[in-house]
Structures are given as C-alpha cells and as structure tokens.
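**Student:** Have a look at this one before I ask anything.
The values are calculated or read from the model by the stated rules, or taken from the named source; none is laboratory data. These figures come from a predicted structure and were not determined experimentally. Neighbour counts are summed over all protein chains in view; Cβ atoms, including those assigned to glycine, are modelled from backbone coordinates with ideal geometry.
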Amino acid sequence: MNVFIHHFLFYSETPESTFDSLKIKYGLPEVFPITNFGFFKSGMLWLKNSYLEIVNYPKDIPAPNSNQLETRFVGIAFKTDLSPEQTLEFLNKNHIKSSEILNEDVLDNEGNKVNIAKIILLNDYLHDFRIFFVFHTNDFFETKEKIMPNEEGFTFKKCLLSVHNSLKVIELFKKLGFTFTDANVFKTFKHQTIQIIDSENLATDIIDFEIQKKDKNINILKKPIFDD
C-alpha cells in the first residue's frame, strides 16, 4: 500500500485571518476560500505535494487537540492507492485499529447533506489528534492540481510530531508502509517527511512544520503567522 499525506488540518479561532495571512505571507495558491460547510468552516491552500486546510468548528463541537492554542495543527489526512474497502481490509489484516468506512458530509446552500468523501479513522493512536484516510467521491482535487502552479511556490518538507507514546505511533507508521529511515523519521514517495518524538504531554502536537522553495526552508510555527 502506497501511503502519502493528502492534507494537514490547521485549526484557527480566526480562520479567515489565518488563511489570508498564510496565503499572502508565503504566496500559497488558494484551492478554495474559507467556506461555511455547516458542520465546520474550512479553506485550503496548495503546497505542491500536499494541502494545508484551515479549519474552525462551532463552539459546541470541541476542536481536536486540546492544547488550547488559538492556532494549532489538529490532524493529518492520508491517501492511498487502494479503495476504501481494500484499505479497511489491509488495516484489519495488519491489526491496525480503525473505524469502519464513514461518510464525510457537508451542507450545501440549501442545508442539504452532500457527501464529499469516505473516511477511515485510525483510533487510539494519537489521543485527541485526528489521523485518517480520505477517499474523495469526486475529482475536485485532481482538477485543481492540473491548474495549480508547479514551477514556483512552497512544498511541504517536514514536520515534527510530538506524541505521548512514540513507540506505539512508530509501530503504526511502519505497519502503514511509510519508509522508515532513522531517528524515527518516516518518508513518503512525495518527499514528505514526518519525524516522531516522545512527549510527556497527552496532547499530540506538530511542533515544527517546514516548507521549502528551492533552497529556502521556513518553519511556519517558529515564525509568527501574523507578523509583517
């Protein structure tokens, strides 16, 4: 099974401001603007080999990752070359705890539910940090990628994932088929890198998030998002 990162979920209490700041500061192409989907607000930016989704949830729905920062990473969505049914079979065969195949729905302008994807949640691995497989039910992203600029712009390079039980998560990533190098570093065929480190805190955090353009590397979590 070939696995790669489709997108990162980045929670913000002020999603419009965060979206615009990241878009302008780093020149990230807009996939779609902050939109109210009924169950949540979301907008996406293009990182050439993945997407950055800025999300916000209604006040009565707790945001994943309870570290309570105003902006924070709250999840990672994986893609694979298998169907949802084949992926679930693979997970069961390799004794990886997961949900069943679930519907990911949004509300249209008339308030009707519209299915945009199938998802499989990976439970019990990263506490309140959401990791899952996503299988889109339309060709929206394939169509968008054909018109996105590829010569210039930033690519996702590496993130540092701080987890409470690193051995459990490292074993999960090995079973999922990520390429394991050393120092708990995992890579995908899209040149995406995740390094897993141990933390005493229960909450899972991405504490470094590095993007790259030519020979320029920037850790967006070390540089204030809203500075000039």
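**Student:** When only residues in region 158-195 that are of a type in the set (Val, Ile, Thr) and in a loop (DSSP other than H, G, I, E, B) count, which is farthest from residue 82 (Cα to Cα)? Steps first, please.
**Tutor:** Kept after step one, since they are of a type in the set (Val, Ile, Thr), are these residues of region 158-195: 163, 169-170, 179, 181, 185, 188, 193-194.
So of that shortlist, the ones also in a loop (DSSP other than H, G, I, E, B) come out as 181, 188.
Values: 181: 24, 188: 16 Å.
So, considering only residues that are of a type in the set (Val, Ile, Thr) and in a loop (DSSP other than H, G, I, E, B), the one farthest from residue 82 (Cα to Cα) is 181.
**Student:** Now for a different question. Restricting to region 148-158, name every residue that is under 20 Å from residue 207 (Cβ atoms), in contact (Cβ under 8 Å) with a residue 60 or more places away in the chain and out of contact with any Leu (no Cβ under 9 Å at 6 or more places or on another chain).
**Tutor:** Across region 148-158, the qualifying residue is only 157.
**Student:** Also, quick follow-up: Just name the residue that is surrounded by the fewest Cβ atoms within 10 Å (Cβ to Cβ) out of those in region 87-116 that are small (Gly, Ala, Ser) and at pLDDT 95 or above.
**Tutor:** Start the filter on region 87-116 by keeping residues that are small (Gly, Ala, Ser), which leaves 98-99, 111.
Checking the rest, the ones that are also at pLDDT 95 or above come to 98-99.
Numbers: 98: 18, 99: 14.
Per the stated criteria, the residue is 99.
**Student:** If you go through region 1-37 one residue at a time, how many are assigned to a strand (DSSP E or B), crowded, with 16+ Cβ neighbours inside 10 Å and not hydrophobic (A, V, I, L, M, F, W, C)?
**Tutor:** In the first step, residues of region 1-37 are kept if they are assigned to a strand (DSSP E or B); the result is 3-12, 30-36.
Checking which are crowded, with 16+ Cβ neighbours inside 10 Å leaves us with 3-12, 31, 34.
This time we only want the ones that are not hydrophobic (A, V, I, L, M, F, W, C), so: 6-7, 11-12.
Of the residues in that region, 4 qualify.
**Student:** Filter region 56-86 down to the residues that are surrounded by 21 or more Cβ atoms within 10 Å (Cβ to Cβ) and among the β-branched types (Val, Ile, Thr), then identify the one that is modelled with the highest pLDDT.
**Tutor:** Once the filter is applied, the top-ranked residue is 76.
**Student:** Among the residues of region 93-128, which ones are outside any loop (DSSP other than H, G, I, E, B), of a type outside the set (A, V, I, L, M, F, W, C) and out of contact with any Ser or Thr (no Cβ under 8 Å at 6 or more places or on another chain)? Before the answer, list the steps.
**Tutor:** Step one: of region 93-128, the residues outside any loop (DSSP other than H, G, I, E, B) are 93, 102-107, 113-121.
Now narrow it down to the ones that are of a type outside the set (A, V, I, L, M, F, W, C): 93, 103-105, 113, 115, 118.
Once the filter is applied, which keeps residues that are outside any loop (DSSP other than H, G, I, E, B), of a type outside the set (A, V, I, L, M, F, W, C) and out of contact with any Ser or Thr (no Cβ under 8 Å at 6 or more places or on another chain), region 93-128 yields 93, 103, 104, 105, 113.
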